[in-house]
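Colleague: The following block contains the structure, expressed as structure tokens.
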Amino acid sequence: MSSPDVVTGPDGLARPAWASVDPLLREYYDTEWGVPVHDERGLYERLSLEGFQSGLSWATILRKRPAFRAAFRDFDPDTVAGFGDDDVARLLADPGIVRNRAKILATIGNARATVALRDDPGTPGGLAGLIWSFRPARTPLPRTMAEVPTISPESTALAAALRAKGFRFVGPTTMHALMEAVGIVDTHLVGSHRRGSSGVWAPDGSPR
């Protein structure tokens with residue numbers, strides 16, 4: 001039985017309603033959302049964008065993503081970790097990104113925390129090892145959008161672990177969104193053409 005919130009598009013593929021109308025969101029859903037990300041730079045970028053998204057729509061962030069990448073030098077942690085006052089002023093003057101001082105400072109601070117994790121003996125694998133260590137034993141099986149969780153014990157624990165390492169704008173809800181985006185959990189609706197496509201989770205919610 002498919003989900004009542006799944007929409008079959010003109011291409012014959014079933015998607016949730018949020019990914020069925022806007023071409024940018026559809027492309028993101030079909031090719032990127034939920035695909036496993038294991039590299040440090042990729043996870044730092046996703047962590048940063050999820051932080052900027054707080055209080056805004058994800059479509060807004062996606063449209064600004066090229067400008068974000070240019071402004072933050074392709075989210076290279078070493079480069080961003082070296083940003084100083086001049087860079088903060090440059091970013092605050094950049095109309096292409098979200099000009100929020102607290103979020104900009106958090107993104108720079110999070111780059112420094114990411115670099116520091118590489119030499120942290122208590123965090124094998126650095127940022128990627130830390131984030132992926134909170135993968136749950138099973139993933140949800142939502143049939144409707146109302147059944148999609150926005151927080152979990154694992155995202156709450158991940159948020160606490162990151163804050164303990166000096167990260168900011170990493171609350172439990174934001175970290176749950178990150179875990180969905182990078183394949184740590186699969187919240188594709190049952191009936192969607194992307195359900196179980198990550199290679200991490202089977203369609204029934206069990207680990208592969």
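The values are calculated or read from the model by the stated rules, or taken from the named source; none is laboratory data. Since the model is a prediction, treat every value here as computed from it, not as a measurement. A quick note on method: Cβ atoms are made from the backbone with ideal geometry, for glycine too, and the neighbour counts reach across all protein chains shown. Surface accessibility is based on the protein's heavy atoms, side chains included, excluding ligands, DNA and RNA. Shrake-Rupley method; radii C 1.70, N 1.55, O 1.52, S 1.80 Å.
Colleague: Name the residue that is farthest from residue 158 (Cα to Cα), counting only residues in the range 96-114 that are open to solvent by 40 Å² or more (accessible area, probe 1.4 Å) and assigned to a helix (DSSP H, G or I). Full working, then the answer.
Modeller: In the first step, residues of the range 96-114 are kept if they are open to solvent by 40 Å² or more (accessible area, probe 1.4 Å); the result is 99-102, 105, 112.
From what's left, assigned to a helix (DSSP H, G or I): 101-102, 105, 112.
On the way: 101: 24, 102: 21, 105: 21, 112: 18 Å.
Applying the filter and picking the extreme gives 101.
Colleague: Which ones in the range 25-74 are touching a residue at least 60 places away in the same chain (Cβ under 8 Å), touching a Gly at 6+ places or on another chain (Cβ under 7 Å) and part of a helix (DSSP H, G or I)?
Modeller: Within the range 25-74, 40 is the sole residue that qualifies.
Colleague: For a quick check of your reading of the model, give me the residue pairs whose first member lies in the range 178-197 and is modelled with pLDDT of 95 or more and of a type in the set (A, V, I, L, M, F, W, C), whose second is part of a helix (DSSP H, G or I) and open to solvent by 20 Å² or more (accessible area, probe 1.4 Å), with beta-carbon atoms closer than 6 Å and at least 6 apart or on different chains.
Modeller: That search, which allows pairs on different chains as well, returns 178/46; 181/46; 182/46.
Colleague: To continue, here is another question. If you go through the range 58-68 one residue at a time, do you hit one that is more than 23 Å from residue 127 (Cβ to Cβ), touching a Ser or Thr at 6+ places or on another chain (Cβ under 9 Å) and either open to solvent by 60 Å² or more (accessible area, probe 1.4 Å) or not aliphatic (A, V, I, L, M) (or both)?
Modeller: No, the range 58-68 contains no residue that is more than 23 Å from residue 127 (Cβ to Cβ), touching a Ser or Thr at 6+ places or on another chain (Cβ under 9 Å) and either open to solvent by 60 Å² or more (accessible area, probe 1.4 Å) or not aliphatic (A, V, I, L, M) (or both).
Colleague: Report the residue count in the range 193-205 for those that are out of contact with any strand residue (DSSP E or B) (no Cβ under 7 Å at 6 or more places or on another chain) and open to solvent by 30 Å² or more (accessible area, probe 1.4 Å).
Modeller: 4
Colleague: Keeping to the range 6-57, report how many residues are open to solvent by less than 40 Å² (accessible area, probe 1.4 Å), out of contact with any Ser or Thr (no Cβ under 7 Å at 6 or more places or on another chain), of a type in the set (A, V, I, L, M, F, W, C) and modelled with pLDDT under 95.
Modeller: 1
Colleague: Do you know which residues across the range 81-126 are hydrophobic (A, V, I, L, M, F, W, C), more than 19 Å from residue 60 (Cα to Cα) and without any contact (Cβ under 8 Å) to a residue 12 or more places away in the chain?
Modeller: Residues of the range 81-126 hydrophobic (A, V, I, L, M, F, W, C): 81, 83, 88-89, 91-93, 97-98, 102, 104-106, 108, 111, 113, 115-117.
Pick out the ones that are also more than 19 Å from residue 60 (Cα to Cα) and you get 81, 83, 88-89, 105-106, 108, 111, 113, 115-117.
Within the range 81-126, just 89 meets the criteria.
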